[in-house]
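The values are calculated or read from the model by the stated rules, or taken from the named source; none is laboratory data. Because the structure is predicted, anything quoted here is derived from the model rather than measured. Positions of Cβ are backbone-derived with ideal geometry, glycine not excepted, and every protein chain shown enters the neighbour counts. With ligands, DNA and RNA removed, areas are computed over all heavy atoms of the protein, side chains included. Shrake-Rupley method; radii C 1.70, N 1.55, O 1.52, S 1.80 Å.
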Amino acid sequence: MDSRRTFIKTVFVALGAGATILKSGIASAKKEALKLDKVPALQKVGGSAKVKLAGKEILFIRDTDTSVRAIHPVCTHRGCPVTFSSKESKIVCECHDSVFKLDGKVLKGPAVNPLKVYPAKLDNGSIVVTVD
Ligand code: FES
């Protein structure tokens, strides 16, 4: 009986800790706006730029007339910087030749994990991105 109580107590403590982590994760997400006229490279499709926003470097890629991608530009293999190849429309890491799709998924290793992607959209002449 005592071990059952301990088990139930442990489950509730774990659930509480999980809820706290979730809450703090949501609370720390922040919307930031970047005016397109401040970054000419992002005004045309195929353009890209690394911009520091909310204390984080973000690789923005203008992939269509109506959309933009926002990527954490650090390779998940060993942490080298990644860049956008407009010729191939892919994100590449020159350290060990990993290649990523614009949604961050791995196309070619050695990286096995996707790049972090921030939600971003075009809104009235600005890019609105949610960073955490
Ligand atoms: S650090 Fe990018 S492929 Fe190794």
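For the reader, a short list of remarks on this structure follows.
- Members of the range 63-77 that are closer than 15 Å to LYS90 by Cβ, modelled with pLDDT of 95 or more and outside any loop (DSSP other than H, G, I, E, B): ARG69, ILE71
- If the condition is being out of contact with any Pro (no Cβ under 6 Å at 6 or more places or on another chain) and more than 13 Å from VAL51 (Cβ to Cβ), then the range 118-132 contributes PRO119, LYS121, LEU122, ASP123, ASN124, GLY125, VAL128, ASP132.
- Selection count, the range 28-44, where residues are open to solvent by 80 Å² or more (accessible area, probe 1.4 Å) and part of a loop (DSSP other than H, G, I, E, B): 2
- Meets criteria (over 15 Å from the mean Cα position of the chain (by Cα) and away from the ligand (no atom under 16 Å from the Cβ)) for LEU34: yes
- Of all residues in the range 64-90, none that is at positive phi has its Cβ atom under 7 Å from the Cβ atom of a residue that is within 13 Å of the ligand (Cβ to nearest atom) and of a type outside the set (Phe, Trp, Tyr), 6 or more apart or on another chain.
- Scanning the range 75-90 for residues being open to solvent by less than 70 Å² (accessible area, probe 1.4 Å) and either more than 20 Å from GLY46 (Cβ to Cβ) or within 8 Å of the ligand (Cβ to nearest atom) (or both) gives a total of 6.
- The set of residues in the range 91-117 being more than 13 Å from the ligand (Cβ to nearest atom) and either part of a loop (DSSP other than H, G, I, E, B) or more than 20 Å from LYS52 (Cα to Cα) (or both) consists of LYS101, LEU102, ASP103, GLY104, LYS105, LYS116.
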